[in-house]
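*Asks:* Structure in structure tokens, see below.
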Amino acid sequence: MADSAERPRKAGNGEDSIYWDKSKNRYIGAVSLGYTPNGKRNRPKVSGKTKTEVRRKIRDLKKELEAGVKTSSTYTVGEAVTDWLTHGLKGREDSSLGTYRSLAECHIEPELGRAKLRELEADVLDVWLDAKAKVLATQSLWMLHSILRRSITHAQRRGKVLRNVAELVEIPDGRPGRPSKSLTLQQATKVLRTQEGSWIHAYVVLSLLVGIRTEEARPLTWTHVHTAETAESPPHVDVWRSVRRGAETKTRKSRRSLAMPHQAATVIAAHRAKQQREWKKQGRKWTEQGLVFPDDAGELRTALNVRRDLRKLLKEAGFTNPHEWTTRELRTSFVSLLSDHGIPIEIIARVVGHSGTNTTERVYRKQLRPVITNGAEAMDAIFGDGTTAPGADPRNPV
């Protein structure tokens, strides 16, 4: 009687069972689902190192079956992310796709890529995110979590997994991001005198003295650049398009026309004349619809291309750390210089195309000064309008 009481009870027909598989060195759990249409027993199986693990997997499997989801026991996190990048981002910008792929390849694939998606636990993600928080900025952590969460959601819609474990974890604070910086008046004056006559010099002049975004400057065409002063309007640039999807500007208020200081108008006019001469010499047709800052093939320059040439210019201007500067900091410098000169925050926000003053004040402006004059007029006063030496007091020409 004692022997029979200790002997494990054999599972009856229609019951789940757990048994030890010596060949696999694991416990196997089988769920009985009756018979398939061809008369074979339908017994999906799970495995684990302990009976407790197998019982949990059996419960999860039953939940999936009740929800009508047939998950794969071999489908990995890496496969889920790849599927989302390939099929879940149709119509997105190439730049966004590149960012997502880079983050996935550098941070998700090496550490989570081989993990079985069905077996992924919140505790594992918590440990992984905490480790990433030591080396990545908070914004990057949010993007990593977003990639993982959206990849699993994509897998859910295709019946690859029942639950989205990424929705169960909290995102920790990462390292502080690199704060933006701006050129001082002395630095800006040096930059405006470096590599004169080159396309990057013209690009810097327009960005620094007019304040347009780099994604607005790169696709700019001559149709939208007006260097001659007329009775109706001063020299100006129409900021009506960008490299964003559909060529739309960042916000509705980003679509604007901005007056150019005399120095900018003079430099851009000279840049156009030089471009026309070079294209004629090469036997190429120049048109008003052409790009203001094209690459050697006449196509749109990449952000990397512009950043590389900007850093070369900064190095020539005497900067000891040119690699630490980016093109967007020409725009922060524009805002800071205007603010330092006394332009009110409301006017600066309108000039740079912000929908309100909050972003301008929080991110861009570095100093606060009393209220005085306006945009292009201020830049003429700061750097001179062609009759005053850049950086000198316009009331006391050198």
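The values are calculated or read from the model by the stated rules, or taken from the named source; none is laboratory data. Not measured: the values here are computed from a predicted model. Note: ideal-geometry Cβ built from the backbone for every residue, glycine included; neighbour counts use all protein chains shown.
*Asks:* Tally up the residues in the range 192-227 that are among the basic types (K, R) and either part of a helix (DSSP H, G or I) or over 26 Å from the mean Cα position of the chain (by Cα) (or both), please. Let's see the steps before the verdict.
*Replies:* So the first thing to find is which residues in the range 192-227 are among the basic types (K, R), and the list is 193, 213, 218.
Okay, now just the ones that are also either part of a helix (DSSP H, G or I) or over 26 Å from the mean Cα position of the chain (by Cα) (or both), so 193.
Within the range 192-227, residues that are among the basic types (K, R) and either part of a helix (DSSP H, G or I) or over 26 Å from the mean Cα position of the chain (by Cα) (or both) number 1.
*Asks:* Could you list all residues from the range 92-140 that are assigned to a helix (DSSP H, G or I) and either assigned by TED's automatic domain parsing to the domain that holds T302 or among the β-branched types (V, I, T) (or both)? Outline the logic, then answer.
*Replies:* First pass over the range 92-140, keeping only residues assigned to a helix (DSSP H, G or I): 94-112, 117-119, 122-132, 138-140.
T99, I108, V124, V127, T138 - these are the residues of the range 92-140 that are assigned to a helix (DSSP H, G or I) and either assigned by TED's automatic domain parsing to the domain that holds T302 or among the β-branched types (V, I, T) (or both).
One line per residue, one yes/no per condition, for (1) farther than 30 Å from C106 by Cα; (2) outside the structural domain of R308 (by TED's automatic domain parsing); (3) among the small types (G, A, S):
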| position | (1), (2), (3) |
| --- | --- |
| W142 | no, yes, no |
| S151 | no, yes, yes |
| Q156 | no, yes, no |
| G174 | no, yes, yes |
| W199 | yes, no, no |
| L220 | yes, no, no |
| H224 | yes, no, no |
| H236 | yes, no, no |
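*Asks:* Can you spot a residue in the range 306-313 that is within 30 Å of the chain's Cα centre (by Cα), among the charged types (D, E, K, R), more than 19 Å from A228 (Cβ to Cβ) and not in a helix (DSSP H, G or I)?
*Replies:* Taking the range 306-313 first, the residues within 30 Å of the chain's Cα centre (by Cα) are 306-313.
Restricting the remaining residues to those that are among the charged types (D, E, K, R) gives 307-309, 311-312.
Going one step further and asking which of them are more than 19 Å from A228 (Cβ to Cβ), we end up with 307-309, 311-312.
In the following step, the residues that additionally are not in a helix (DSSP H, G or I) were identified as none.
So far as the range 306-313 goes, no, none of its residues is within 30 Å of the chain's Cα centre (by Cα), among the charged types (D, E, K, R), more than 19 Å from A228 (Cβ to Cβ) and not in a helix (DSSP H, G or I).
*Asks:* Right, next: Restricting the search to the range 96-112, which residues are touching a helix residue (DSSP H, G or I) at 6+ places or on another chain (Cβ under 8 Å) and free of Cβ contacts under 8 Å to residues at least 40 places away in the same chain?
*Replies:* If we filter the range 96-112 for residues that are touching a helix residue (DSSP H, G or I) at 6+ places or on another chain (Cβ under 8 Å), which is where we start, we get 97, 99-101, 103-104, 107-109, 111-112.
Answer for the range 96-112, where residues must be touching a helix residue (DSSP H, G or I) at 6+ places or on another chain (Cβ under 8 Å) and free of Cβ contacts under 8 Å to residues at least 40 places away in the same chain: L97, R101, H107, E109, E111, L112.
*Asks:* Check V161 against each of (1) closer than 18 Å to D60 by Cα; (2) assigned to a helix (DSSP H, G or I) and name the one condition it does not meet.
*Replies:* (2)
*Asks:* Starting from the range 26-50, keep only residues that are within 10 Å of D16 (Cβ to Cβ) and part of a loop (DSSP other than H, G, I, E, B), then list their pairs with residues that are at pLDDT 80 or above and aliphatic (A, V, I, L, M) whose Cβ atoms are within a distance under 7 Å, requiring at least 6 positions of separation or different chains.
*Replies:* Filtered contacts from the range 26-50: R43/A30.
*Asks:* So, R241, is that one modelled with pLDDT under 85, within 23 Å of D295 (Cβ to Cβ) and assigned by TED's automatic domain parsing to the domain that holds I268 or not? So that I can check it myself, show each step before the final result.
*Replies:* Working: modelled with pLDDT under 85: yes; within 23 Å of D295 (Cβ to Cβ): yes; assigned by TED's automatic domain parsing to the domain that holds I268: yes.
So R241 fits the description; yes.
*Asks:* Out of curiosity, is L89 part of a helix (DSSP H, G or I), out of contact with any strand residue (DSSP E or B) (no Cβ under 6 Å at 6 or more places or on another chain), surrounded by 12 or more Cβ atoms within 10 Å (Cβ to Cβ) and at pLDDT 80 or above? Explain how you work it out, then say what you get.
*Replies:* Values: part of a helix (DSSP H, G or I): no; out of contact with any strand residue (DSSP E or B) (no Cβ under 6 Å at 6 or more places or on another chain): yes; surrounded by 12 or more Cβ atoms within 10 Å (Cβ to Cβ): yes; at pLDDT 80 or above: yes.
No: the conditions fail for L89.
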